[in-house]
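Peer 1: I have a structure I would like to understand better, so I am pasting it below and will then ask my questions one at a time.
The values are calculated or read from the model by the stated rules, or taken from the named source; none is laboratory data. What you see is a predicted model; the values in this text were computed from it and never measured. For neighbour counting, all protein chains shown are included, and Cβ atoms are generated from backbone atoms with ideal geometry for every residue, glycine included. The accessibility values were calculated without ligands, DNA or RNA, using every heavy atom of the protein model including side chains. Shrake-Rupley method; radii C 1.70, N 1.55, O 1.52, S 1.80 Å.
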Amino acid sequence: MSAGTATAPGTILSPDGPEWVAEPGYLPYPDALAAMEARAAAIRAGGAGERIWLVEHPPTYTAGTSATPEGLTEARFPVFQAGRGGQWTYHGPGQRTAYVMLDLTRPHGTVAARDVRAYVHGLEEWVIRALDRFNVKGERREGRVGIWVADRASGTEAKIGAIGVRVTRWVSWHGIALNVDPDLSHFGGIVPCGIREHGVTSLHALGIPATMEEADSALMAAWGEVFG
C-alpha cells in the first residue's frame, strides 16, 4: 500500500479471543492514549472485553519511560509522552500499530498468567510469525526489544517491528508497530529505541508490496498460534 492510504474500518468478533477493530483514517496519538487507558480500566473492572486495536497515526514521535532528550535529534513532528516502556518511537502512515489490551491475570495460549516477560516474548513471537507469512525472517536480538531483519550477505540488519508495552493492574495496553510502507526518512528525527548503529526497514523496502489489509490478515492469522 502507499503511505497515504488507510485501512477501512471494521470489527471482527472472535468467540475464542479478543475483539479486533481496524480504526479508520489516521488517529491522533493523544486520542489513542485516552481510549486505550479507558478500555484497560473497563477490562479491569469487568465492564469490557479484550481488544486488539489496529491503528495508523499521523507522523508522530513518542517517548517511552526510558527516553532521553538526546534521543530526539530533530522534532520534525509532534512529540508525546507515551507512558509505555522503551525509548523513542516513530508512528506514521504506512505503519500498522496494533494496540493489545488483554487481561493478563489469566493465561493466553503460550503466554502464562501474570508474567510480563512472557507477554513481551509472546508479542515478539506474534510479529515473527506474521512476517513469516511474507517469507520474511524476523529475529530477536539479545538486549534489544523488537524484531530485526538481517542481510547476511552485507552483514547489516534493520528493525522492522517495534514493541512497547504498559501493564496496569495486570491489564496490558500499547503494543507493537509493524513497518509496512512508512516513509523511512521520518525515523531520522529520533534514535529509534535508543539504537544508533542499526537502521529501520519495512516490508516494501524489502521488496514485498504488501497492503495494510494483508498485514492485518497476517497478524490475525498468527495471533492464535501464540495467544490462542
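Peer 1: Closer than 25 Å to residue 214 by Cβ, at pLDDT 95 or above, among the polar types (S, T, N, Q) and open to solvent by 20 Å² or more (accessible area, probe 1.4 Å): is that true of residue 179 in this structure?
Peer 2: Answer is no for this residue.
Peer 1: Right, residue 60: under 15 Å from the mean Cα position of the chain (by Cα), closer than 26 Å to residue 28 by Cα and of a type in the set (S, T, N, Q) or not?
Peer 2: Spelling it out, residue 60 is indeed under 15 Å from the mean Cα position of the chain (by Cα), closer than 26 Å to residue 28 by Cα and of a type in the set (S, T, N, Q).
Peer 1: With the requirement that a residue be part of a loop (DSSP other than H, G, I, E, B) and among the aromatic types (Phe, Trp, Tyr), what does the range 170-187 give you?
Peer 2: 170 - this is the single residue of the range 170-187 that is part of a loop (DSSP other than H, G, I, E, B) and among the aromatic types (Phe, Trp, Tyr).
Peer 1: Pairs, please: C-beta under 6 Å, at least 6 apart or cross-chain, first residue over 13 Å from residue 160 (Cβ atoms) and in the range 118-144, second open to solvent by less than 50 Å² (accessible area, probe 1.4 Å) and among the β-branched types (Val, Ile, Thr)?
Peer 2: 118/111; 119/111; 122/111; 122/226; 123/163; 123/176; 125/226; 126/226
Peer 1: Check the range 146-169 and report whether any residue there is open to solvent by less than 20 Å² (accessible area, probe 1.4 Å), part of a loop (DSSP other than H, G, I, E, B) and modelled with pLDDT of 95 or more.
Peer 2: For the range 146-169, residues open to solvent by less than 20 Å² (accessible area, probe 1.4 Å), part of a loop (DSSP other than H, G, I, E, B) and modelled with pLDDT of 95 or more: absent.
Peer 1: Now a separate question. Select from the range 61-96 the residues that are assigned to a strand (DSSP E or B), closer than 16 Å to residue 184 by Cβ, open to solvent by less than 10 Å² (accessible area, probe 1.4 Å) and touching a helix residue (DSSP H, G or I) at 6+ places or on another chain (Cβ under 8 Å) and list them in ascending order.
Peer 2: Selection gives 61, 90, 96.
Peer 1: Next question, about the same structure. Only one of these is surrounded by fewer than 20 Cβ atoms within 10 Å (Cβ to Cβ), touching a Phe, Trp or Tyr at 6+ places or on another chain (Cβ under 8 Å) and either of a type in the set (S, T, N, Q) or in a loop (DSSP other than H, G, I, E, B) (or both): 106, 114, 140. Name it. Full working, then the answer.
Peer 2: Values: 106 fails: touching a Phe, Trp or Tyr at 6+ places or on another chain (Cβ under 8 Å); 140 fails: either of a type in the set (S, T, N, Q) or in a loop (DSSP other than H, G, I, E, B) (or both).
Only one candidate qualifies: 114.
Peer 1: Can you go through 219, 184, 203 and tell me which one is under 15 Å from the mean Cα position of the chain (by Cα) and farther than 17 Å from residue 54 by Cα?
Peer 2: Testing whether each residue is under 15 Å from the mean Cα position of the chain (by Cα) and farther than 17 Å from residue 54 by Cα leaves just 203.
Peer 1: To continue, here is another question. Go through the range 40-60 and give me each residue that's touching an Asp or Glu at 6+ places or on another chain (Cβ under 9 Å) and outside any loop (DSSP other than H, G, I, E, B).
Peer 2: Matches in the range 40-60: 43, 44, 51, 52, 53, 54, 55.
Peer 1: Among the numbered criteria (1) in contact with a strand residue (DSSP E or B) (Cβ under 7 Å, 6 or more places away or on another chain); (2) surrounded by fewer than 22 Cβ atoms within 10 Å (Cβ to Cβ); (3) not in a strand (DSSP E or B), which one does residue 123 miss?
Peer 2: Among (1) in contact with a strand residue (DSSP E or B) (Cβ under 7 Å, 6 or more places away or on another chain); (2) surrounded by fewer than 22 Cβ atoms within 10 Å (Cβ to Cβ); (3) not in a strand (DSSP E or B), residue 123 violates only (2).
Peer 1: Sort out which residues of the range 154-193 are among the small types (Gly, Ala, Ser) and closer than 19 Å to residue 80 by Cβ, and write them in order of number. Show your work before the answer.
Peer 2: First, the residues of the range 154-193 that are among the small types (Gly, Ala, Ser): 154-155, 158, 161-162, 164, 172, 175, 177, 185, 188-189.
Correct list: 162, 164, 175, 177, 188, 189.
Peer 1: What are the pairs, 6+ residues apart or on separate chains, where a residue within the range 71-91 that is free of Cβ contacts under 8 Å to residues at least 40 places away in the same chain has its Cβ under 7 Å from a residue that is open to solvent by 30 Å² or more (accessible area, probe 1.4 Å)?
Peer 2: So the pair list comes out as 79/72.
Peer 1: Scanning the range 28-60 for residues that are in contact (Cβ under 8 Å) with a residue 60 or more places away in the chain and acidic (Asp, Glu), which turns out surrounded by the most Cβ atoms within 10 Å (Cβ to Cβ)?
Peer 2: Ranking the qualifying residues of the range 28-60, first place goes to 56.
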